[in-house]
Amino acid sequence: MPEEEVTVDPMTLNDLMRVIEIERMCFPDPWPFSAFLSDLENENTITLVAKIGKKVVGFTICHVVAGEMHLMNIAVDPDFRRKKVGHKLIEHLFYYGEQHGCRIMYLDVRKSNSGAISFYNKYGFEILYERKGYYRKPPEDALVMVLDLSERSKRGVV
């Protein structure tokens, strides 16, 4: 049986319970419901879900201000990793950025999260600097990574 295609749609209120479930599976200090609701209602925030069939299997949240994007959150249900879900989500963010004249994208990632760092490196993100004590549970430093979106499109990264 062939694998079902991953689709990406705007997040809706109906998706929130599943998004929170994925958040809790993926992060030791999950965001509260109120944070997701606030981002869903914010006109300067891109909220997307990835689906296989009708099942939400991943999501992303990205703030957009003054031509800059800040990737706030991206997560994929552990049972659906290695199926290009994260790839589809980030590619949709890049497309949105290109369409809206965004020049740069930032993100924070746990210093120990080598899998995520490797994922971001594939897209051309580079470490800009380290934030000491950024994460609370468990305590850890963050790496701030940056991607010049115009350079990315010129180089044809991923």
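Any read-out appearing in this document is the output of simple, stated calculations on the displayed coordinates, not a laboratory observation. All values reported here derive from a predicted model rather than from experimental measurement. Note: ideal-geometry Cβ built from the backbone for every residue, glycine included; neighbour counts use all protein chains shown.
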**Message:** Is there a quick way to get the dipole size of the chain? I mean about its Cα centre, with the Cβ of Lys and Arg at +1 and of Asp and Glu at -1; what is the value in debye to the nearest 20?
**Reply:** 440
**Prompt:** Counting other Cβ atoms within 10 Å, which chymotrypsin sites (Phe, Trp or Tyr not before Pro) in region 75-119 have at most 16 and lie in a DSSP loop?
**Reply:** none
